[in-house]
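*Asks:* Starting off with a structure, shown below.
Please treat every number below as a calculation from the coordinates, not as lab data. Just so we're clear, the structure is a prediction, and the values are computed from it rather than from any experiment. Cβ sites come from the backbone with ideal geometry, for glycine too, and all protein chains shown count toward neighbours.
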Amino acid sequence: MTILTIWTLVLAGAIVLVLAVYLIAVAIQLLRASRHLAALASGLTQVRNNTAPLEERLATIAGALSALKKEFAAVDEHLRSTVDALGG
């Protein structure tokens, strides 16, 4: 074997080794990302399950606020008429 053949084989081996290390590092990072995404998905599922009853409760609150709005409008009108009667 000539020196060029040996040098070519050494360089090819070094390139393969560098690529292997790089691909292993990428695979490790992808596994970590997969674990993080699984934890995130689990957390989002918990949020969805915990907030599911809110729709019904918010509908009740919205109805109560609507009734309060009417009551406050009546109080406002009464106060305006009182101010007008007192000459304000």
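Residue-wise test of (1) surrounded by 10 or more Cβ atoms within 10 Å (Cβ to Cβ); (2) assigned to a loop (DSSP other than H, G, I, E, B); (3) out of contact with any Pro (no Cβ under 9 Å at 6 or more places or on another chain); (4) in contact (Cβ under 8 Å) with a residue 40 or more places away in the chain.
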| site | (1), (2), (3), (4) |
| --- | --- |
| 40 | yes, no, yes, no |
| 44 | yes, no, yes, no |
| 48 | no, no, yes, no |
| 69 | yes, no, yes, no |
| 77 | yes, no, yes, no |
| 81 | yes, no, yes, no |
| 84 | no, no, yes, no |
| 87 | no, yes, yes, no |
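*Asks:* Taking only segment 2-28 into account, find how many residues are surrounded by 10 or more Cβ atoms within 10 Å (Cβ to Cβ) and polar (S, T, N, Q).
*Replies:* 1
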